[in-house]
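As structure tokens, the structure follows; a few thoughts come after it.
Quick note: the coordinates plus some simple rules give every number you see, no bench work behind them. All of these numbers come straight from a predicted model, not from anything done at the bench. Neighbour counts are summed over all protein chains in view; Cβ atoms, including those assigned to glycine, are modelled from backbone coordinates with ideal geometry.
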Amino acid sequence: MYGGDEVIITPGMQRYIDRNNAYLAQRGQYIRDVVKKWKFDTIAVHGLYSVQDAIEDYQGAIIEPVFMSSAQAFRDSDEMAAALAYLIPSWCYSRIANPSTYYYEWTLALLEGYGFDGETSCCSTSSGMAAIMTAVQPFLVHRTHDRHEPRNFLATAQCYGGTFQQFDVRLQAERDIECRWIQNPANIDEWASKIDKNTRFLYGELPSNPQQGFFDIAAVADLAHSHNLPLICDTTVATPALLRPICHGADIVVQSASKTLSSSGFGICGAVIAKQNLTCSIDNDALKKDFCLYVKYLPNRDYGPNLHPMQAILTLNDMRTLRSKIDMLSRNTMKVAEHIEKHPQIERVEYLGMPNHPLHELASRYMWLVDAEHDDLYGKPVNRYGHLMSFCVKGGPEQARRFFDHLQRIWRATDLGRIKSVATIPAISTHQQQGEEGRKLAGIPGNLVRLCVGGEHPDDIIADLDQALHMAAKEK
């Protein structure tokens with residue numbers, strides 16, 4: 001199934017296979033009959049780590065243990081042979097799998113698949129950039145006919161600067177794989193006009209960092225599937241607490257989990273989540289059946305973008321309060337956006353939650369606080385739009401830098417999704433390397449400031465913005 005020599009299964013190996021098949025069947029039934037019936041918050045808190053697991057295997061530890069071990073010992077040669085042939089699940093080597101990373105993966109697969117009728121799986125990665133590489137590479141390395149045939153893919157130009165560099169430099173310039181940039185992702189005709197027989201996948205970031213780009217996921221997914229292509233979505237800013245693209249037809253989701261999912265800022269972490277039996281034109285049954293298992297066992301085994309077990313547990317622990325945290329950050333951001341939009345020194349505000357934003361209606365069809373209708377606080381569906389907003393300071397790039405330098409409570413950094421408010425000027429930081437032409441393509445002027453609103457009281461964030469704008473005006 002996964003390549004290599006044909007495996008001769010001994011009677012001893014078969015015993016391990018049978019035992020592990022029974023375990024997998026039991027776990028699958030537990031997921032279907034128990035876990036899938038939980039609400040989002042319960043899944044975030046518990047994942048697949050049960051009281052039975054804790055008592056039988058881990059001395060009753062309430063929190064998932066950190067397995068600081070690079071490899072697993074085997075009972076005998078039969079178990080080792082079965083494990084290394086991928087005939088049974090194992091922790092054979094932490095570059096491939098580890099109990100700590102598995103608990104993180106199971107939880108995130110369930111959260112991204114919440115409300116989806118099918119099955120989802122997850123492959124953890126060392127960073128969000130590694131997650132993007134993991135998601136796109138398998139569709140680009142396979143050749144369907146001619147070894148020299150051209151390959152291309154579609155991607156939204158409004159995206160994180162690192163994503164732009166990976167696609168524009170690492171893939172397009174260095175490997176001659178054409179990236180066809182979508183400038184207006186809300187226009188389905190633009191997507192359709194750029195697909196041809198050599199297209200391998202469609203990729204979109206939403207809401208985009210920092211411009212707040214958005215598109216109709218269901219429509220783009222339908223378009224992709226009509227050409228037998230997968231749709232890959234990066235929803236790092238939204239998280240599954242607000243947006244789950246797989247429920248709307250997308251095939252694969254990318255998360256930079258060190259951002260909004262965790263919010264603590266303790267380390268770097270990523271993930272790829274995919275539905276099973278995805279749509280694609282690649283002639284590879286294993287890839288289609290369970291994409292995340294495939295990339296874990298083969299490409300990532302060889303490339304090595306594995307996640308450290310300690311970071312897996314740190315991120316998993318941060319994810320337990322995801323829904324309430326995103327609700328708070330979204331409400332804080334809305335209040336800040338409404339205030340700063342009225343400020344005389346602000347040119348414009350980009351936040352999908354603002355009714356006058358051109359993409360507000362579209363975003364409102366997709367961005368909902370999960371389970372708000374079951375919450376005693378709301379008792380009805382509630383739109384939320386996340387923690388990331390941006391705005392342009394009047395007076396151009398130099399005035400934006402004066403304002404930026406006077407921030408006192410808001411941190412000047414390139415990170416996002418923190419529990420502490422963080423601001424940056426993308427043109428000189430996250431999107432600097434893509435150059436003036438690339439920034440123009442992505443719609444990032446020099447006076448654009450990205451603000452990721454944290455968990456502070458919004459009045460204190462507003463006060464810091466006001467004083468910085470005031471001081472910058474005095475220096476002009």
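Scanning the chain for chymotrypsin sites (Phe, Trp or Tyr not before Pro) lying in DSSP loops with no more than 13 further Cβ atoms inside 10 Å, the longest uninterrupted stretch between such sites is 3-377. Work from the charge dipole of the chain (Cβ charges, +1 for Lys and Arg, -1 for Asp and Glu, about the Cα centre) and give the residue of SER421, GLY162, PRO230 farthest towards its positive end. Among SER421, GLY162, PRO230, the one farthest towards the positive end of the dipole of the chain is SER421. Only helices enter this figure: runs of n ≥ 4 DSSP H residues, each worth -39500 (n - 2.57), summed and divided by the residues of the chain, yield -11500 deg cm²/dmol at 222 nm to the nearest 500.
Between VAL51 and GLU361, the distance separating the two model label sites (each 7 Å from Cα on the Cα→Cβ line) works out to 5.1 nm.
Rounded, prolate or oblate for region 117-182? Axes are the square roots of the Cα gyration tensor eigenvalues, ordered a ≥ b ≥ c, and the cut-off for rounded is a/c under 1.5. Let's see the in-between values first.
Numbers: a/c = 1.78, a/b = 1.20, b/c = 1.49.
In terms of gyration-tensor shape, oblate.
By the Cβ rule of 4.7 Å, the chain holds the following cysteines without a possible disulfide partner: CYS92, CYS122, CYS159, CYS179, CYS233, CYS247, CYS269, CYS280, CYS392, CYS452.
Apply 1/(1 + (r/R0)^6) to the Cβ-Cβ distance of VAL34 and LYS474, taking R0 = 41 Å, and write down the FRET efficiency to the nearest 0.05.
Numbers: r = 62 Å, r/R0 = 1.50.
With R0 = 41 Å, the Cβ-Cβ based efficiency is 0.10.
Computed from phi, the 3J(HN,Hα) profile of region 286-303 under the Karplus parametrisation 6.51, -1.76, 1.60 (θ = phi - 60°) reads 5, 4, 5, 5, 8, 4, 5, 5, 4, 5, 5, 6, 10, x, 6, 4, 8, 7 Hz, with x in place of Gly and Pro. Put a plus charge on the Cβ of each Lys and Arg, a minus charge on the Cβ of each Asp and Glu, and nothing anywhere else: the dipole of region 165-221 about its Cα centre is then about 160 debye. Computed about the Cα centre, the dipole magnitude for the chain is approximately 660 debye when only Lys and Arg (+1) and Asp and Glu (-1) carry charge, each at its Cβ. Sequence-ordered 3J(HN,Hα) estimates for region 93-103 from the Karplus curve with 6.51, -1.76 and 1.60 and θ = phi - 60° stand at 7, 5, 5, 9, 7, 7, x, 5, 5, 5, 4 Hz, glycine and proline given as x. If you take the square roots of the eigenvalues of the alpha-carbon gyration tensor of the chain and sort them as a ≥ b ≥ c, do you get rounded (a/c under 1.5), prolate (a/b over b/c) or oblate? Prolate, since a/c reaches 1.5 and a/b exceeds b/c. When only the Cβ of Lys, Arg, Asp and Glu is charged (+1, +1, -1, -1), the dipole of region 95-319 relative to its Cα centre reaches about 440 debye.
Distance between the C-alpha centers of region 14-69 and region 335-350? Whole Å please. Region 14-69 and region 335-350 have Cα centres spaced 48 Å from each other. Rounded if a/c is under 1.5, else prolate if a/b beats b/c, else oblate: with a ≥ b ≥ c from the C-alpha gyration tensor eigenvalues square-rooted, which is region 18-86? Oblate, because a/c is 1.5 or more while a/b does not exceed b/c.
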